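Visitor: Just passing along the structure, written as C-alpha cells.
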Amino acid sequence: MSQSQPKAVVLGAGMVGTLMARDLARDGEFQVTLTDRSEAALAQAAARMQPGMQVATRACDLSNADTLHELARSHDVILGALSSHLGYEALHALCQTGKPYADISFMEENALDWHHLAQKHGSTCVVDCGVAPGMSNLLAGAGVAALDEAQNLEIYVGGLPKERSWPFEYKAGFSPADVIEEYTRPSRLVERGEVVVREALSEPEPMEFEGIGTLEAFNTDGLRSLLFTLEVPNMKEKTLRYPGHIEIMRIFRETGLFGKKLIQVDGQTVSPLAMTQALLFPKWKFEPGEEDLTVMRIVVSGELGGKPTTLRWDLFEPYSHSEQATSMSRTTALPCTLMARMLLAGKVQKPGVYAPEQLATIPGLVDTMLAGLASRGIEYRATRS
C-alpha cells in the first residue's frame, strides 16, 4: 500500500463495523484496520472481505482508553461501531486525540456532553451517524432549515425480517441488547414545545407502507439529540414492527424479564435480563443469507412562503444480494463511512462533538451524503406537498 494513503481504523468487527471496513477498502483509497477484542469476530470479518480488499485486523481491548489513544495516534480517521455500553467512554477518550471520529454507537448518555472537551483538543466528532439515529437526524435538520417555520417533526423507522415468523415476528438487524434497550428506556417526545416522557412501547398506531403493508409504530427514545438541537414544537420518533411483536415485548417487560436487578431462583443468583438474552437472542439471529429490510419515513411540516408545506423522505431498503449484507447493516454503516470521508476532507471545519442535524446547513453536505448513498444503492425518496 502507498504510504500516502490515509489510514482509517474501525472500532468493532460486528456486522456494521465489517461493512464500514469493506466500504473504506473498496476503492483502495484508505489503509484500513479493523479492530475488536474477539479474534473470532475478526476472522469472520476478514472472511467477508471481497477479493482485492486489503484490510488489516487487530485484536485489542477497545474499552481501554490507552489503547484508543494509541490507535488514534497511528491513524488519520476513526470510525466507531461499538455497542452502546462502550460508546460513551470511547468517545470521551477519542475527544482528547485531535483526530476526526465518526460513530454509530447507540449510547444512553448524552454524547454532546464532551463537546467542549473535543474543542479543547481539536477533535471533530460526529455521533449517532447511522440510519436512525443518523440519516433521520440529518434529514430532519435539513427539513427544518428549509422551512420558514417548522411545526411538526415525525420519524418512523424499523428494521425487519423480510419473512415474518412466529412467535416474535422479528429478528435483530443490529445489537439485540440495544433493541431491548429501546424497549425499556423511557421515551422522550416534544409536545407544544415541552419535553414529555412516555413509556417505551406505548401509544401503538397502525401505519401503511408501500411494498410491505401494515406495520405498528410505537414510542421509543429515538429523538435523542433532536430534543435539544432543533426548535420544533412537536417532535416524535416511533419504531416500526410487524403487528403482534409489540404486545409480546410488553408482556416480557411487565413480567420482569428485562430486569437488571439480580434475583434468587432455587438458591442461584440470576439476572432476568441475562437469562432473557441467552434464550432470546439466538431466536433473533439472522441466518446467513436471510433477507431483511429497513423502512423509514421522516416528515417535517410547517410553513414556507406563507403556505403550509410538508417535506418528506422515504426509505425502503431490502437486503443486498450483491453485497450479501443486511439492509440494516448497510444503511447504518454507509452514512458513517461517508461522514468519515467528509471529516477527513475538512467538510466539517470546527472541532467539537456534533449530532448529524447540526451539520445539515453546511453547504453541500446533505447532497454529498445522499449522492454517496445513492451510488451505493441506497435511495432516499424526497417529496414535497
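Visitor: What is the Cα centroid distance between segment 221-249 and segment 47-110, reported in whole angstrom?
Guide: Each part's Cα centre sits 27 Å from the other's.
Visitor: Another question, if that's okay. Check every DSSP H run in the chain and write down those whose alpha carbon atoms cover 24 angstrom or more along the long axis and whose mean Kyte-Doolittle hydropathy is 0.5 or greater.
Guide: Passing helices, by number: 327-344.
Visitor: Set the Förster radius R0 to 45 Å, insert the Cβ-Cβ distance between Ala382 and Gln44 as r into 1/(1 + (r/R0)^6), and round the FRET efficiency to 0.05.
Guide: Numbers: r = 37 Å, r/R0 = 0.82.
The calculated FRET efficiency here is 0.75.
Visitor: Right, another one. So what's the chain giving for Cα Rg divided by 2.2 N^0.38 Å, two decimals? Each step should come with its number before you reach the end.
Guide: Working: Rg = 20.4 Å, N = 385, 2.2 N^0.38 = 21.1 Å.
The reported ratio for this selection is 0.96.
Visitor: Any chance you could run the full-extension gain for Val195 through Glu290? It's 0.36 nm times the residue separation minus the Cα-Cα distance, nm to one decimal.
Guide: Working: separation 95, 0.36 × 95 = 34.20 nm, distance 3.94 nm.
Answer, rounded to one decimal: 30.3 nm.
Visitor: Same structure, new question: With n ≥ 4 as the cut-off for DSSP H runs, can you work out [θ] at 222 nm for the chain, using -39500 (n - 2.57) per run divided by the number of residues, rounded to the nearest 500? Intermediate results must be reported in sequence, preceding the final value.
Guide: Values: 12 runs with 122 residues, N = 385.
Helix-only estimate at 222 nm: -9500 deg cm²/dmol.
Visitor: Next up: Can you work out the FRET efficiency for the pair Leu279 and Gln324, with r the C-beta to C-beta distance and R0 = 30 Å, to the nearest 0.05? Let's see the in-between values first.
Guide: On the way: r = 28 Å, r/R0 = 0.95.
It comes out at approximately 0.60.
Visitor: When a/c is below 1.5 the answer is rounded, else prolate if a/b is larger than b/c, else oblate, so apply that to segment 224-296 with a ≥ b ≥ c taken from the square roots of the Cα gyration tensor eigenvalues. Write out the running numbers ahead of the final one.
Guide: On the way: a/c = 2.53, a/b = 1.45, b/c = 1.74.
It is oblate, given that a/c is not under 1.5 and a/b is not larger than b/c.
Visitor: Find the lysine pairs in segment 135-318 meeting two conditions, Cα atoms under 25 Å apart and a separation of 8 or more places or different chains, and report how many there are.
Guide: Lysine pair count for segment 135-318: 16.
Visitor: Would you list which lysines come within 18 Å of Lys99, measuring only between C-alpha atoms, while excluding same-chain residues fewer than 8 positions from it?
Guide: List returned: Lys7, Lys120, Lys347, Lys350.
Visitor: Under a plain spin-label model, where a point goes 7 Å from the Cα along Cα-to-Cβ, how far apart in nm are Glu163 and Ile212?
Guide: 1.8 nm
Visitor: I would also like to ask the following. With θ set to phi - 60°, apply the Karplus curve 6.51 cos²θ - 1.76 cosθ + 1.60 along segment 203-219 and write out the HN-Hα couplings as whole Hz, x wherever there is a Gly or Pro.
Guide: Values, residue by residue: 6, x, 9, x, 9, 9, 10, 4, x, 9, x, 8, 10, 9, 9, 8, 5 Hz.
Visitor: May I pose another question? Can you say what percent of the DSSP beta bridges in the chain, counting only those with both residues inside, are antiparallel? Round to 5. Working shown, then result.
Guide: Working: 48 of 77 bridges.
In the chain, DSSP labels about 60 percent of beta bridges as antiparallel.
Visitor: Can you give the FRET efficiency for Ala56 and Ala345, using 1/(1 + (r/R0)^6), R0 = 22 Å, r = Cβ-Cβ distance, to the nearest 0.05? Before the final figure, lay out the partial values.
Guide: Working: r = 23 Å, r/R0 = 1.04.
For R0 = 22 Å, the calculated efficiency reads 0.45.
Any read-out appearing in this document is the output of simple, stated calculations on the displayed coordinates, not a laboratory observation. This is a predicted model, so every value here is computed, not measured. Note that we place each Cβ from the backbone using ideal geometry, even for glycine, and neighbour counts take in every protein chain shown.
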